[in-house]
Amino acid sequence: MKIEDSVKFKFSLMEERVSMISLGGAGQFLLFSGLLHILVPELDPTWSFISEYALSSYGWLLPLAFLSLAIGLTGTGFVLISYTGWIFFVNFHILKAKQILRSE
């Protein structure tokens, strides 16, 4: 018996592509932010805010890192919604709204 035979849910071709794009976006974010830590050694990453890297001469890497992160998170959200359905998405926001209303 193959492992693929025991899997109950199979991704469609589009979902597989979106998940690969999502992983690529997350990997690029790690790459760009890691490069910023290496290229700007005068900022201590344990103490400095990430936005301070935008003030350096390599500040153009920061918007690319954030764009990559946005692409990765959007792809992850798409795949999660397609996997779990809109019920998870709606229930999550209802629970967050209840939590916000309760905290006031």
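Read-outs throughout are calculated quantities, based only on the coordinates presented, and are distinct from any laboratory measurement. Because the structure is a prediction, the values reported are computed rather than measured. Backbone-built Cβ (ideal geometry, glycine too); neighbour counts: all protein chains shown.
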Where chymotrypsin sites (Phe, Trp or Tyr not before Pro) fall in DSSP loop in segment 20-104, at most 16 other Cβ within 10 Å: W47, F49, Y58, W60
The chain - percent relative contact order, Cα under 8 Å, separation 6 or more: 35
The chain: DSSP helices with Cα axial extent of at least 18 Å and average Kyte-Doolittle hydropathy no lower than 1.0: 13-39, 61-84
Choice from L64, L80, L13 showing the highest fluctuation, given a GNM over the chain with Cα pairs closer than 10 Å: L13
Inter-label distance for T74 and S56, nm, one decimal - labels placed 7 Å from Cα along Cα-to-Cβ: 2.7
Theoretical ellipticity at 222 nm over the chain - DSSP helices of four or more residues, -39500 (n - 2.57) apiece, nearest 500: -24000 deg cm²/dmol
Fully extended contour minus Cα-Cα distance, from T46 to L30, at 0.36 nm per residue: 4.2 nm
